[in-house]
1. For the stretch 240-252, indicate whether the set of residues that are in a helix (DSSP H, G or I), under 12 Å from the mean Cα position of the chain (by Cα) and over 27 Å from residue 206 (Cα atoms) is non-empty.
2. Taking the stretch 46-74, which residues are under 17 Å from residue 126 (Cα atoms) and within 28 Å of the chain's Cα centre (by Cα)?
3. Condition first: surrounded by 13 or more Cβ atoms within 10 Å (Cβ to Cβ) and modelled with pLDDT of 90 or more. Can you find one or more residues in the stretch 339-352 that meet it?
4. Return the residues of the stretch 106-119 that are crowded, with 16+ Cβ neighbours inside 10 Å and farther than 19 Å from residue 49 by Cβ; say none if nothing qualifies.
5. Of the residues 107, 54, only one is over 30 Å from residue 200 (Cβ atoms), in contact with a helix residue (DSSP H, G or I) (Cβ under 8 Å, 6 or more places away or on another chain) and touching a residue at least 24 places away in the same chain (Cβ under 8 Å); which?
6. Out of 227, 208, I need the residue that is assigned to a loop (DSSP other than H, G, I, E, B) and either buried (at least 17 other Cβ atoms within 10 Å of the Cβ) or under 23 Å from the mean Cα position of the chain (by Cα) (or both). Which one?
7. Restrict the check to the stretch 137-151 and report whether at least one residue is outside any helix (DSSP H, G or I), buried (at least 17 other Cβ atoms within 10 Å of the Cβ), outside the structural domain of residue 253 (by TED's automatic domain parsing) and under 20 Å from the mean Cα position of the chain (by Cα).
8. Evaluate the following for residue 296: is it within 17 Å of residue 225 (Cβ to Cβ), out of contact with any helix residue (DSSP H, G or I) (no Cβ under 6 Å at 6 or more places or on another chain) and buried (at least 19 other Cβ atoms within 10 Å of the Cβ)?
């Protein structure tokens, strides 16, 4: 990298390493900005997305960055591929910032960048870290929540696989010709899945009961009518205990239940949920919301009101209840209080 040649009176303001991550490798670039708004970039480099590559990145940054100014590492969410590097850097005392892919894309468009390559993306992420104020560092999540998330996703996958194998076995059993070896294999597979699923769920609930904070939070979620223990645990796991979430808007956006509306002049498109979020959360909330539509009085009122407003589609009301349930679960987790079905009525009476 070409060393900074600062002019008289100019000083280094910020420096950021932008990291674009894929499954096998990650590309990174260092951006250094001065108080006169000058930017200096290193040549993008690539390392293997593994422990060896992570150590090489730390060694490289130790040689290239200016020790007089703190350096940050900025990356965008890429499924699960960014997590290992983010955890490694944070555990080694580095400041990590993780932004949603949509934010990074909007920043690139704002700066007129249309080309999309790994090198260009790492450069834009580094520039974003230097030029965007107010980006919050990514705090290290508790390892218990990461373990709980792995267990809940395994449980979800085992449930799906069990249902698929059961359906296949029913088809084999009622077909015109039953092959005994095939039927025996399906039964054996079902028993294996049930054994692994039972062991996983025991470990998952032991983890929940062994942590006072998680146990209390899950208990408060279960106080909401139509929210069962498994749903409460899954929501806790997928949000990492609502890690780094500070508003209901953030929670809805994280689950992809935020509404997108487009209107300009005479053009007024119908609003819809973005679905750009955690699909595991949306799947977990589907049946609790459906049951709540006929058995949870406060939510029944919301459901019926929305159905009257949109008689052409009850799906709108169903999705609205999913969002409502998620927001209620966030509220009871953060407030430390159990769900009060009369809360809205009490709130209305207290208002002047």
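The values are calculated or read from the model by the stated rules, or taken from the named source; none is laboratory data. All figures in this text were calculated on a predicted structure; none of them were measured in a lab. Positions of Cβ are backbone-derived with ideal geometry, glycine not excepted, and every protein chain shown enters the neighbour counts.
1. Here is the first cut: in the stretch 240-252, the residues in a helix (DSSP H, G or I) are 248-252.
Restricting the remaining residues to those that are under 12 Å from the mean Cα position of the chain (by Cα) gives 250-252.
Cutting the leftovers down to over 27 Å from residue 206 (Cα atoms) gives us 250, 252.
Yes, the stretch 240-252 contains a residue that is in a helix (DSSP H, G or I), under 12 Å from the mean Cα position of the chain (by Cα) and over 27 Å from residue 206 (Cα atoms).
2. Across the stretch 46-74, the qualifying residues are 46, 47, 57, 58, 70, 71, 72, 73, 74.
3. The first filter runs over the stretch 339-352 and keeps only residues surrounded by 13 or more Cβ atoms within 10 Å (Cβ to Cβ), leaving 339-341, 343.
Of the ones still in play, those that are also modelled with pLDDT of 90 or more are 339.
Among the residues of the stretch 339-352, at least one is surrounded by 13 or more Cβ atoms within 10 Å (Cβ to Cβ) and modelled with pLDDT of 90 or more, which makes the answer yes.
4. 107, 108
5. Details: 54 fails: over 30 Å from residue 200 (Cβ atoms).
Answer to the check: 107.
6. Values: 208 fails: assigned to a loop (DSSP other than H, G, I, E, B).
Among 227, 208, only 227 is assigned to a loop (DSSP other than H, G, I, E, B) and either buried (at least 17 other Cβ atoms within 10 Å of the Cβ) or under 23 Å from the mean Cα position of the chain (by Cα) (or both).
7. Of the residues in the stretch 137-151, the ones outside any helix (DSSP H, G or I) are 137-142.
Restricting the remaining residues to those that are buried (at least 17 other Cβ atoms within 10 Å of the Cβ) gives 138, 141.
Next, only the ones that are outside the structural domain of residue 253 (by TED's automatic domain parsing) stay: 138, 141.
Cutting the leftovers down to under 20 Å from the mean Cα position of the chain (by Cα) gives us 138, 141.
Yes - at least one qualifying residue is present in the stretch 137-151.
8. Details: within 17 Å of residue 225 (Cβ to Cβ): yes; out of contact with any helix residue (DSSP H, G or I) (no Cβ under 6 Å at 6 or more places or on another chain): yes; buried (at least 19 other Cβ atoms within 10 Å of the Cβ): yes.
Spelling it out, residue 296 is indeed within 17 Å of residue 225 (Cβ to Cβ), out of contact with any helix residue (DSSP H, G or I) (no Cβ under 6 Å at 6 or more places or on another chain) and buried (at least 19 other Cβ atoms within 10 Å of the Cβ).
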